[in-house]
Amino acid sequence: MVYIASWDEFVERSVQLFRADPQASRYVMKYRHCDGKLVLKVTDNRECLKFKTDQAQDAKKMEKLNNIFFTLMARGPDADISEVSGKEQVEQQASKKGRGRRQ
Amino acid sequence: MVHLQPDPFLNELTSMYERSKEKGSVWVTLKHSSMKSKAKRKKMETEGETIEYRCLVRATDGKKTITTSLSAKDHQKFQASYATVLKAHMNALKKRERRDKKRTAEVEQKPASSKNPVSSKKPLPTKPLL
């Protein structure tokens, strides 16, 4: 199975994979409390990317990835994710700055 | 396969996690879907109708499967509640104890080396400036 060691690489490649084929791609999460293991999988039925972990810190990173995928899947593959809440706020602030006049 | 509204889905998901504590797994799948068949989708595209896409969420414990679908409006509220459910139940994962244990093990094993260079995260005792 294609297990990816780096979290950032997993995120980048899985978003790319989804955007390439949004109809076929899916994001699967498997959690086993008895083993304390978490496995994430993104596949388009041709290529498969997986990430496994037993670290609590990865669960936090996974939450952010969940947000990204919820946004992509609910709004469409062209949705502007920009790390969801983080950069969206920055964009809003930037637009406010543009409108205001400084005298 | 049981189709539920987002809130009952979350309640069921919570009980799935509770039931699977001693043994078993919980799978959650996220998929982008229009809930229409391929033929219908092509037809809608040729007719110029906009296809409404939803986010399909499936959860199973190996025996029972529950499912819900989110629209672009629902997803933000759902993802907040979903994150809460996950945080509440995914506590079997290891915390950063390994690194601390490794460091203490290294320190014990190498008493000859004066300083351990890999001690970036240990809090240094603050000395009050007089």
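What follows draws every value from the coordinates through simple rules; no lab data is involved. If you're wondering where the values come from, they're calculated on a predicted model, not measured in any experiment. Backbone-built Cβ (ideal geometry, glycine too); neighbour counts: all protein chains shown.
Backbone amide hydrogens, once placed in the peptide plane, bring A:ILE4 within less than 5 Å of A:LYS50, A:PHE51, A:LYS52, excluding anything fewer than 5 places away on its chain.
B:LYS64: net charge of surrounding residues, Cβ under 15 Å, Lys/Arg +1, Asp/Glu -1, itself excluded?
Working: positive: B:ARG19, B:ARG58, B:LYS63; negative: B:GLU12, B:GLU18, B:ASP61.
My count for the surroundings of B:LYS64 gives 0.
Please arrange A:SER6, B:SER69, A:SER25, B:SER25 by how many other C-beta atoms lie within 10 Å of their C-beta, fewest to most. Please report the intermediate quantities before stating the final value.
On the way: A:SER6 10, B:SER69 20, A:SER25 25, B:SER25 17.
In order of increasing Cβ crowding within 10 Å: A:SER6, B:SER25, B:SER69, A:SER25.
Derived scalar couplings between HN and Hα for region B:33-42 equal 8, 9, 6, 10, 6, 4, 4, 5, 5, 4 Hz in order, rounded to whole Hz, by the Karplus curve 6.51 cos²θ - 1.76 cosθ + 1.60 (θ = phi - 60°), x for Gly and Pro. Here the Karplus curve 6.51 cos²θ - 1.76 cosθ + 1.60, taken at θ = phi - 60°, turns the phi angles of region B:79-86 into couplings of 5, 5, 5, 4, 4, 4, 4, 5 Hz, with x standing for Gly and Pro.
Any chance you could list P(r) for region B:1-104, counting all Cα-Cα pairs in 10 angstrom bins from zero, rounded to whole %? With a bin width of 10 Å, the distribution comes to 13, 35, 25, 16, 8, 2, 1. Each peptide in B:40-49, A:46-55 gets a packing score, the mean of other Cβ atoms within 10 Å over its residues, and the list from highest to lowest is A:46-55, B:40-49. Count Lys and Arg as plus one, Asp and Glu as minus one, and take only other residues whose Cβ is under 13 Å from that of B:MET44; the net charge is then +2.
The phi-based Karplus calculation (6.51 cos²θ - 1.76 cosθ + 1.60; θ = phi - 60°) puts the 3J(HN,Hα) values of region B:15-24 at 5, 5, 4, 5, 5, 8, 6, 7, 8, x Hz, whole numbers, x for Gly and Pro. Placing R0 at 22 angstrom, the Cβ-Cβ distance between B:SER71 and B:THR46 gives a FRET efficiency of 0.35 after rounding to 0.05.
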